[in-house]
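Everything below concerns the one structure shown next.
The values are calculated or read from the model by the stated rules, or taken from the named source; none is laboratory data. All of these numbers come straight from a predicted model, not from anything done at the bench. Here the Cβ positions follow ideal geometry from the backbone for every residue, glycine too, while neighbour counts run over all protein chains shown. Ligands, DNA and RNA are excluded from the accessible area calculation, which covers all protein heavy atoms including side chains. Shrake-Rupley method; radii C 1.70, N 1.55, O 1.52, S 1.80 Å.
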Amino acid sequence: MTNDTAAPPHGGTDSKLKQAITGPLLYLFILGDVLGAGIYALMGTLSQDVGGALWAPLLLALLLALLTAGSYAELVTKYPKAGGAAVFAERAYRVPIVSFLVGFSMLAAGVTSAAGLSLAFAGDYLGTFVDLPPVPTAIVFLALIACLNARGISDSLKSNVVMTIIEVSGLVIVIVVVAVMLGGGGGDVSRIGEFPAEANPALATLSAAIVAYYSFVGFETSANVAEEVREPRRVYPKALFGALATAGVVYVLVGLASSIALPADELSDSSGPLLAVVSASGVPIPDWVFSLIALVAVANGALLTMIMASRVTYGMAEQRLLPALLGKVLPNRKTPWTAIIATTVVAMLLTLIGDVGTLAETVVLLLLFVFISTNVAVLVLRRDRVDHEHFRVWTFVPVLGVASCVLLLTQQSGQVWLYAAILLAVGVVLYFIARITGRRSGRDHEAGVIR
């Protein structure tokens, strides 16, 4: 991977947004979004497919995620604008409805994920400390997230620093207590290579990698804050690959620790597998500690997801794929306040459903379409020259990225495909409504000028 040096090394932008994200803040933004809350429940699901060999699908998923991350690194440093994949699609394909649907898929992923995370926050985790009705609590939680988002990207990411540290500390606790367990003669190292007796190791690893891949999804949200990054050409690739590598190492170590501490059947039977691992280690850590860490992890995921969703909305408004009203920015804070309000309201409405599990799986499928679009866009846009240096990925990387996404798509169920088709149809309807409204506004403006 190299830098394209055919043009002068200028990286400045004329953005209306404040460039407040430094390299360390961006690294922690991506790390916090990738680690997320999923890993705290992931090991039980993976153990059903691969037994004690939890490290194998996690490592494969990391390699698959790095392929698409390479494409993001090139395009973000080449076009450091809010909107991410939607902006890349607009430049590459010049077909407005394609750009809209790519952005719409990201929006659907963002607001639905945030709704699900808010419900998770208001559920059993919070119930450990106080008993409150889930849906109203989730709505209040989203309102607080919106306020933090509106204060500014710098304040939001400083909060993310604290929450990411807490989030990672929970995973470090798992690794350390199992190391102590091993030092005391406990655990069983031989389990890390044991697959279920009836399973084909290669097929089992691929099947589990589909689930493990979801734990790495989140890195793409960083593309939507590119306009607020200082020196994105220099900073973005290091932060992106560094965060993914860090998450991969942590995941693999947690996978090894989990299989050493407990047999696969005990992991798969537990709804809180990492809590079960810590308990099995014999190290005296109170159960409420992990509930608190999980709450922080969920809150952090919701904050970063809503930052992404609001920036996608703002970027699409800037590209005239959504109404211009959604591109308004607070004068002092330099944050897209109308986009924040709109995405928060939609997320609040989704919490009224109470169960967004199936919808969330469908949104993940839609993200794979976004990734295919981005990988293809890298190749299409190679002919487009810009007036600043940017990162350049090896050509075979986006090709393999497309192949990896197609492979993952083939593993999805028919029901999930059906829900994805329905969501895309809704997106098409919204697109044409926006087009008709936009043309009508244009005619009214012209009539006013004539009069």
What ranking do 64-72, 103-111, 282-290, 233-241 get when scored by the average of other Cβ atoms within 10 Å per residue, highest first?
103-111, 64-72, 233-241, 282-290
If I fit a long axis through the Cα atoms of helix 337-351 and take the longest principal axis of the Cα atoms of the chain, what angle between them do I get, 0 to 90°, rounded to 10?
50
Tell me the angle of helix 414-450 to the major Cα principal axis of the chain, expressed in degrees between 0 and 90 and rounded to the nearest ten.
20
How far apart, in nm, are two points set 7 Å out from the Cα along the Cα-to-Cβ line at residue 200 and at residue 417?
2.1
Scattering curve values for the range 52-140, log₁₀ I(q)/I(0), Debye with Cα scatterers, q = 0.16, 0.18, 0.23, 0.24 Å⁻¹:
-0.87, -0.91, -1.02, -1.06
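Full-extension gain between residue 435 and residue 266, please, as 0.36 nm times their residue separation minus the C-alpha to C-alpha distance.
Details: separation 169, 0.36 × 169 = 60.84 nm, distance 5.46 nm.
Residue separation times 0.36 nm, minus the Cα-Cα distance, leaves 55.4 nm.
Order 401-407, 384-390 from most to least packed using the mean count of other Cβ atoms within 10 Å.
On the way: 401-407: 18.9, 384-390: 14.7.
Result, highest mean Cβ count within 10 Å first: 401-407, 384-390.
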For peptides 117-123, 245-251, sequence by mean Cβ density within 10 Å, most packed first:
117-123, 245-251
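Taking the Cα centre of the chain as origin and charging only Cβ (+1 Lys, Arg; -1 Asp, Glu), how large is the dipole, in debye to the nearest 20? List each step's numbers first, then the result.
Numbers: 27 positive and 29 negative charges, 462 e Å.
About 2220 debye.
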Rolling a 1.4 Å sphere over the protein heavy atoms, what is the accessible area per residue of the chain, to the nearest Å²?
41
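Once fully extended, how much extra length lies between residue 428 and residue 179, figured as 0.36 nm per residue of separation less the alpha-carbon to alpha-carbon distance?
Numbers: separation 249, 0.36 × 249 = 89.64 nm, distance 5.29 nm.
Length gained, residue 428 through residue 179: 84.4 nm.
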Taking the chain as the region of interest, what is the percent of Cα-Cα pairs per 20 angstrom bin, listed from the shortest bin to the one with the maximum distance?
25, 57, 16, 1, 0
Would you mind pulling out the separation of the Cα centroids of the range 200-249 and the range 282-339, in Å?
18
Taking only C-alpha pairs under 8 Å that are 6+ residues apart, what is the relative contact order of the range 219-369 in percent?
16
Counting sequence-distant residues (5 or more places) and residues on other chains, those with an amide H built under 5 Å from that of residue 390 are 4
Tilt of helix 201-214 relative to the longest C-alpha principal axis of the chain, in degrees (0 to 90, nearest 10)?
50
Provide the per-residue ³J(HN,Hα) series for the range 43-48, in order, calculated from phi with Karplus coefficients 6.51, -1.76, 1.60 and θ = phi - 60°, each as a whole number of Hz, with x at glycine and proline positions.
4, x, 5, 5, 5, 5
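If r is the Cβ-Cβ distance from residue 285 to residue 384 and R0 is 51 Å, what FRET efficiency results, to the nearest 0.05?
Numbers: r = 54 Å, r/R0 = 1.05.
Once rounded, the FRET efficiency stands at 0.40.
If you average the sequence gap of Cα pairs under 8 Å that are 6 or more apart and divide by the length of the chain, what percent do you get for the contact order? Walk me through the intermediate numbers first.
Working: 746 pairs, mean separation 166.6, N = 451.
In percent, rounded to a whole number, it is 37.
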Can you give the Kirkwood hydrodynamic radius for the range 236-328, in Å, rounded to one decimal and based on Cα pairs?
16.7
